[in-house]
1. Out of 256, 299, 276, 270, which single residue is closer than 30 Å to residue 157 by Cβ and touching a strand residue (DSSP E or B) at 6+ places or on another chain (Cβ under 7 Å)?
2. Could you list, in sequence order, the residues of the range 254-283 that are over 29 Å from the mean Cα position of the chain (by Cα), within 17 Å of residue 298 (Cβ to Cβ) and among the β-branched types (Val, Ile, Thr)?
3. Working carefully through the options 218, 242, find the one that is at pLDDT 95 or above and out of contact with any helix residue (DSSP H, G or I) (no Cβ under 8 Å at 6 or more places or on another chain).
4. What is the residue count in the range 156-193 for residues that are part of a strand (DSSP E or B), touching a Phe, Trp or Tyr at 6+ places or on another chain (Cβ under 8 Å) and not small (Gly, Ala, Ser)?
5. What is the one condition in (1) β-branched (Val, Ile, Thr); (2) open to solvent by less than 40 Å² (accessible area, probe 1.4 Å); (3) within 28 Å of the chain's Cα centre (by Cα) that residue 193 does not satisfy?
6. Cβ-Cβ below 6 Å, separation at least six or inter-chain, first residue in the range 206-223 and within 23 Å of residue 245 (Cβ to Cβ), second modelled with pLDDT under 90 and part of a loop (DSSP other than H, G, I, E, B): which pairs?
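The values are calculated or read from the model by the stated rules, or taken from the named source; none is laboratory data. Here the structure is a predicted model, which is why all the values come from computation and not from measurement. Cβ placement follows ideal geometry from the backbone for every residue including glycine, while neighbour counts extend to all protein chains displayed. What goes into the accessible areas is simple: the full protein's heavy atoms, side chains included, and nothing from ligands, DNA or RNA. Shrake-Rupley method; radii C 1.70, N 1.55, O 1.52, S 1.80 Å.
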Amino acid sequence: MKKIYTKVAAGLGALACLMTMTAGLAACSSENEEPKQDDGRKLRQLTIENVALTRATLTDNGSTLGAAWEARDNEATYLNLSSLIADDLRYGNLTSSSSAEYSTFTGSVYCGGGDKLALIYPTVSPAGVAGAFTINLSGQTGTLSDIAQRYHYVYGTDTVTSVTDGTATGTIESMKSLLAVCKFTFKNGGSTIPVKKLEISYYLGGYSSDYPGYATVNVLDDKRNIIENVVATPEDQENWENPLTVTLGTETSDGVYVALLPCGSSSEKVTFYFSVTGSNGTYTGTANAYLIAGRFYPVTITLT
């Protein structure tokens, strides 16, 4: 009996040792495994570096406009295009971090790994399962700073390249301007006309028509694919009510800056109607032109 007991005890000791070693190996394996990342969509702190070009700050260089961001004063809207395709509208605001032509944007974003995001400046409120947003051109005051802060819309797409549980990073190629900027100087008989109020209309069918005060930007097409080359489309003409009116805080003869919708082409120009009112009275006239988004047009127009 003593001999049998000794063998059993020895066997139990060996089994206990083996179990201890196995548990130890399992613990070591668990500690060395890479933690799995959840790349599903959730709220994360997103950082997009080197966001280029905008008209956040505008500088008139004569024939071109220089552009730069302003640190913390510039907010852009993000719109998650990937979730929008699934009828889930997710958007919010991001903030610039530096005063330069290139800036980092950060903010809380609902996103997952690989998501495509739209970045829109200045801030907008996308609506509905189409995710479209509206551009409002009314209320301009004729200055570059006013356009920079409220009217010169730019658009770009970003890809979420990596995520952790609470953070995300993204890359963006460039921002595209959706409007044209004009600098209008008006003359009569060689003399510059002082401007306090400027009215602009399209000239259609031989009579003065109105100007679209609003435009829509669609980000998905009819098949719910992401539109790569978005455009600002004027609202239906039946909704046009008034000319585009620019009211200056101070009368000036040095030029009036206005953000306008792109229109026409080199082979089919649009006729614009201008009415200028100031201390010298009211002057009117027309000009034929086509406007390309992102271009700057410093022009002098003769009125009577």
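1. 270 is the lone residue from the list that is closer than 30 Å to residue 157 by Cβ and touching a strand residue (DSSP E or B) at 6+ places or on another chain (Cβ under 7 Å).
2. Selection gives 276 alone.
3. Of the residues listed, the single one that is at pLDDT 95 or above and out of contact with any helix residue (DSSP H, G or I) (no Cβ under 8 Å at 6 or more places or on another chain) is 218.
4. 9
5. (3)
6. Short answer, once both residue conditions are applied: 210/240; 210/242; 212/235; 212/240; 214/235.
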